[in-house]
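Worksheet: one structure, shown below.
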Amino acid sequence: MAFLQINVLLELESETAIRHRLDSLPTDLKIAYDEIYGKIKARDEYDMTLADRAFNWVAYAREPLTSETLLSAILLDSETTTLEVSHAITESQLLHLCNNLLVIDSREEVWRFSHLSVREYFEL
């Protein structure tokens, strides 16, 4: 959970804000993930949709997904079965949209949840 909170702390500017945040950290993982996912849901609807598609693809894929596969898959709108090629995004954009809940495994060069508890959070 510490690595997720570091990202939140990096967004703060003043020492007072940082101290206040340290005094009010979430008490368990579900609350921490609810907070992080809440930020994702507060994004533009299209950005939120891309993040949700990425979470679903990573969670339910039969095998780990490469960047090429995942970045293409999330552009597919399952309701219209159209591919939104003109709206392609990069690895770094998707990492940002997912607020570090998804990461790229540098050794295997595939996408995965940043921690097993993140996968469990989305399976609930």
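Restricting to the stretch 102-113, give me the number of residues that are at pLDDT 95 or above and either assigned to a helix (DSSP H, G or I) or not charged (D, E, K, R) (or both).
Looking only at that region, the number is 6.
Just to be sure I understand, how many residues within the stretch 24-47 are over 20 Å from Leu116 (Cβ atoms) and touching a residue at least 60 places away in the same chain (Cβ under 8 Å)?
1
Could you say whether any residue in the stretch 81-94 is surrounded by 14 or more Cβ atoms within 10 Å (Cβ to Cβ), at pLDDT 95 or above and under 25 Å from Lys39 (Cβ atoms)?
Yes, the stretch 81-94 contains a residue that is surrounded by 14 or more Cβ atoms within 10 Å (Cβ to Cβ), at pLDDT 95 or above and under 25 Å from Lys39 (Cβ atoms).
Consider only pairs whose beta carbons are under 7 Å apart and that are at least six residues apart or on different chains; among these, list those whose first residue lies in the stretch 48-70 and is more than 17 Å from Leu124 (Cα to Cα) and part of a helix (DSSP H, G or I) and whose second residue is among the aromatic types (Phe, Trp, Tyr) and open to solvent by 20 Å² or more (accessible area, probe 1.4 Å).
Taking only residues 6 or more apart or on different chains, the pairs are Leu70/Trp57.
The values are calculated or read from the model by the stated rules, or taken from the named source; none is laboratory data. Only a predicted model underlies this, so the values are computations on that prediction, with no experimental measurement involved. Using ideal geometry, Cβ is built from the backbone for each residue, glycine included, and neighbour counts are taken over all protein chains shown. Side chains are part of the model used for accessible areas, which takes the heavy atoms of the whole protein and leaves out ligands, DNA and RNA. Shrake-Rupley method; radii C 1.70, N 1.55, O 1.52, S 1.80 Å.
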